[in-house]
Amino acid sequence: MSMSQKEAVFAAVCAVIGSTPDGKVELSKEQRTQVNMIVFEGFRAQTVGLDRDFTDADLKKYVSGLTSNWLRKDTRLNGGEKYAAKNPGSRAGATDPSIKAMRALLQTDISDSDRAEVQAHLDARINELNAAKIKTTVDFSALPADLAAKFQK
């Protein structure tokens, strides 16, 4: 059975610092490189679980992000802090072409009034997408007959 990625990062950090951390772990650049290599080798030796195949270059990038992720999120490595995203919801609508275009437009050099107009459209589109996600089911058999007949589809 292979080790989880979270456990692999924790074990690699412990191996590099020489003990189990008792607070927030701050790694030097050299230590970080060592942790990444240990986890990388674990993936290549198939002792760490991985759902897909990577080239060595892509796997090194993946491992670097993975290490950063668990240094922030693992309470054993971050000093016992509960993880909270810095910008929650910042990925809202990331796959919607309209939202992508409006966010790109906001990055251009436009006037403050135009920026406010684009932001209003952007907020409306995000709210529209969020509203579409909410799925409410109604038990029409529990409604009075006249309401059930009117609203049942």
Inset, instruction - Filter segment 4-37 down to residues that are in contact (Cβ under 8 Å) with a residue 12 or more places away in the chain, β-branched (Val, Ile, Thr) and part of a helix (DSSP H, G or I), then give me how many there are. - result: 5
Inset, instruction - Please identify the pairs in which a residue from segment 86-109 that is of a type in the set (S, T, N, Q) has its Cβ atom under 8 Å from the Cβ atom of a residue that is part of a helix (DSSP H, G or I), counting only partners at least 6 apart or on another chain. - result: Ser98/Arg125
Legend entry - Qualifying residues in segment 75-95 (those that are of a type in the set (Lys, Arg) and out of contact with any helix residue (DSSP H, G or I) (no Cβ under 7 Å at 6 or more places or on another chain)) - the one modelled with the lowest pLDDT: Arg91
Legend entry - Residues of segment 106-153 satisfying the condition of being of a type in the set (A, V, I, L, M) and touching a Ser or Thr at 6+ places or on another chain (Cβ under 8 Å): Ala148
Inset, instruction - Could you tell me which numbered condition Arg72 fails, if it satisfies all but one of (1) modelled with pLDDT of 95 or more; (2) among the basic types (Lys, Arg); (3) touching a strand residue (DSSP E or B) at 6+ places or on another chain (Cβ under 9 Å)? - result: (1)
Inset, instruction - Would you check which residues across segment 66-88 are part of a loop (DSSP other than H, G, I, E, B) and of a type in the set (D, E, K, R) and list them? - result: Asp74, Arg76, Glu81, Lys82, Lys86
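Answer with yes or no whether Arg91 is in contact with a Leu (Cβ under 8 Å, 6 or more places away or on another chain) and more than 26 Å from Ser2 (Cα to Cα).
no
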Legend entry - Output for segment 38-55, where each listed residue is surrounded by fewer than 14 Cβ atoms within 10 Å (Cβ to Cβ), without any contact (Cβ under 8 Å) to a residue 24 or more places away in the chain and assigned to a loop (DSSP other than H, G, I, E, B): Ala45, Asp51, Arg52, Asp53, Thr55
Legend entry - Residue list for segment 89-109, filter: within 12 Å of Leu129 (Cβ to Cβ), polar (S, T, N, Q) and part of a loop (DSSP other than H, G, I, E, B): Thr95
Legend entry - In segment 62-80, residue surrounded by the most Cβ atoms within 10 Å (Cβ to Cβ) [restricted to those that are over 21 Å from Asp22 (Cβ atoms) and either more than 14 Å from the chain's Cα centre (by Cα) or charged (D, E, K, R) (or both)]: Val63
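The values are calculated or read from the model by the stated rules, or taken from the named source; none is laboratory data. Being a predicted model, the structure only gives us computed values, none of them experimental. Heads up, the Cβs are rebuilt from the backbone with ideal geometry, glycines too, and the neighbour counts pull from every protein chain shown.
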